[in-house]
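Only the coordinates and a few stated rules stand behind these numbers; no lab work does. Every value quoted in this text rests on a predicted model; they were computed, and no experiment measured them. Because the Cβ atoms are built from the backbone with ideal geometry, glycine has one as well, and the counts that use them run over all protein chains shown.
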Amino acid sequence: MKKKVLIVIANYYAHISTSLSTDAQITLDFAKIKYSVKEVLGVFEIPVVIAKNIKKYDGFIALGCVIKGETPHFDYISKATFDGLMKLSIENKKPIGNGIITALNKEQAYVRMGDIDRPKKLSKKKGKGEEAAKAVIAVLSK
């Protein structure tokens, strides 16, 4: 049976999310894994969308970005989202690749996404989108 993966993308930081999604999709295409994409506004909504689709797919990839501001909102959103993803994965015995970037500023986020343009001194390395997709592929192949 062919494996199916759902990519759920939070588009709050659209440039970052698009890059993460492109890297994940290229990685899944290379592995010849079918996938669908659903978009949400922020990372907090990702676990709900995965929960609603848990029986339809073999694995999931969560993509987005949370950048720390001046309030503790960053900590609450990040923890709740990550805990929700882990709980869904364990309870349903399905892999969820976590490609959600948590960063103190946009510069850190660009580095984590693997962007070659920011900062210019960095070389292209694996970004979070590719890493999340490879994690799901590895678990699905077990």
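Table for the structure above
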| item | result |
| --- | --- |
| In order through the stretch 92-99: 3J(HN,Hα) via Karplus (6.51 cos²θ - 1.76 cosθ + 1.60), integer Hz, x for Gly, Pro | 9, 6, 10, x, 10, x, 8, x |
| In Hz, Karplus ³J(HN,Hα) per residue of the stretch 86-91 (6.51, -1.76, 1.60; θ = phi - 60°; x = Gly, Pro) | 5, 4, 4, 5, 5, 5 |
| Footprinting exposure proxy for ILE137, ILE7 (fewest neighbouring C-beta atoms within 10 Å first) | ILE137, ILE7 |
| Charge dipole of the chain about the Cα centre (unit charges at C-beta), most positive-ward option of LEU20, ALA135, ILE67 | ALA135 |
| Restricting the stretch 1-108 to GluC sites (Glu not before Pro) in coil, as DSSP defines it, with at most 13 other Cβ within 10 Å | GLU70 |
| Two-site label geometry, VAL111 and TYR76: point separation in nm, points 7 Å out along Cα→Cβ | 2.9 nm |
| Nearest-20 debye value, the chain charge dipole, Cβ charges on Lys, Arg, Asp, Glu | 620 debye |
| Hull shadow area, averaged, the chain [alpha-carbon convex hull, nm²] | 8.2 nm² |
